[in-house]
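Here the structure is laid out as structure tokens; the discussion comes afterwards.
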Amino acid sequence: MVNLDISKKLEFYPVDSTHWDDLAKLFESPGGPHYCWCMVWRNMINGKSRRNKLHKKNSLKNFADNKIPIRIMGYADNESIAWCSIAPRESYRDLGGEVNLPNVWSIVCFYINRSFRNMGLTNRLIEEAINYAKSKGARYVEAYPVKQDSPSYRFMGFVPSFTKAGFEFRKQVGSRRNVMILRL
């Protein structure tokens, strides 16, 4: 059963240096994505290895410290519980998207603390990510979700959530990811 009350109690903030400690705590919590630090698709600091967990963490922190957008984070009762990676597309490696569109922001992954899953938070995170990108002047938001039965890339979200938010399918990239676009 979906608890709709929780989504009304959430607050969302862009991650910057003032929210870094909350992000680190969430990533390093049991089940958190401390192995990747959300650097699978993001550009690394020059000379840093994508294979090194500390290099990934430092690369992500570098973005936050330099006020480069990296994501929004959801809080419940002042505790960080979820995030959505949303940033200008050029801060990522090639995702196979629509290269001819100007001023595109990309949603590439999600994480929701286990205690708050299956409550409809992904849809709320997408909504907040769209609002954030729009407030920063984005003209398009691009996402790369998979089908719900996909054995991989599930962290990128599922097609129905993006369809519900108004995204349109453009093409498939690789064997699983779908490029979907929302014009703002």
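The values are calculated or read from the model by the stated rules, or taken from the named source; none is laboratory data. All values reported here derive from a predicted model rather than from experimental measurement. All Cβ positions, glycine included, derive from the backbone under ideal geometry; neighbour counts span all protein chains shown.
Annotations
- Residue in segment 14-29 that is under 16 Å from Tyr132 (Cβ atoms), in a loop (DSSP other than H, G, I, E, B) and touching a Cys at 6+ places or on another chain (Cβ under 9 Å) present: no
- Every residue from segment 51-60 that is more than 14 Å from the chain's Cα centre (by Cα), surrounded by 15 or more Cβ atoms within 10 Å (Cβ to Cβ) and touching a residue at least 12 places away in the same chain (Cβ under 8 Å): Lys56, Lys57, Asn58, Ser59
- Considering (1) under 18 Å from Ala24 (Cβ atoms); (2) touching a Gly at 6+ places or on another chain (Cβ under 8 Å); (3) not β-branched (Val, Ile, Thr), the lone condition that Pro145 does not fulfil carries the number (1).
- Residues (at pLDDT below 80 and crowded, with 17+ Cβ neighbours inside 10 Å) located in segment 7-36: Ser7
- Positions within segment 125-184 being within 28 Å of Tyr35 (Cβ to Cβ), assigned to a strand (DSSP E or B) and not aromatic (Phe, Trp, Tyr), in sequence order: Val141, Glu142, Ala143, Val146, Gln172, Val173, Arg177, Asn178, Val179, Met180
- Yes/no for Met180 being modelled with pLDDT under 95 and surrounded by 14 or more Cβ atoms within 10 Å (Cβ to Cβ): no
- Residue that is nearest to Met39 (Cα to Cα), among those in segment 105-118 that are in contact with a helix residue (DSSP H, G or I) (Cβ under 9 Å, 6 or more places away or on another chain) and either surrounded by fewer than 21 Cβ atoms within 10 Å (Cβ to Cβ) or not aliphatic (A, V, I, L, M) (or both): Cys109
- Of all residues in segment 93-119, those being under 16 Å from Ile68 (Cβ atoms), at pLDDT 95 or above and assigned to a loop (DSSP other than H, G, I, E, B) number 1.
- Members of segment 40-57 that are modelled with pLDDT of 80 or more and hydrophobic (A, V, I, L, M, F, W, C): Val40, Trp41, Leu54
- Residue satisfying all of: in segment 148-176; among the basic types (Lys, Arg) and modelled with pLDDT under 95; nearest to the chain's Cα centre (by Cα) among these: Arg154
- Of the listed requirements (1) over 14 Å from Ile181 (Cβ atoms); (2) not in a strand (DSSP E or B), Tyr75 misses just one: (2).
- Lys48, sole failed condition from (1) loosely packed, with under 14 Cβ neighbours inside 10 Å; (2) in contact with a helix residue (DSSP H, G or I) (Cβ under 7 Å, 6 or more places away or on another chain): (1)
- Matching entry among Glu90, Glu127 (being within 22 Å of Tyr153 (Cα to Cα), surrounded by fewer than 18 Cβ atoms within 10 Å (Cβ to Cβ) and either of a type in the set (A, V, I, L, M) or modelled with pLDDT of 95 or more (or both)): Glu127
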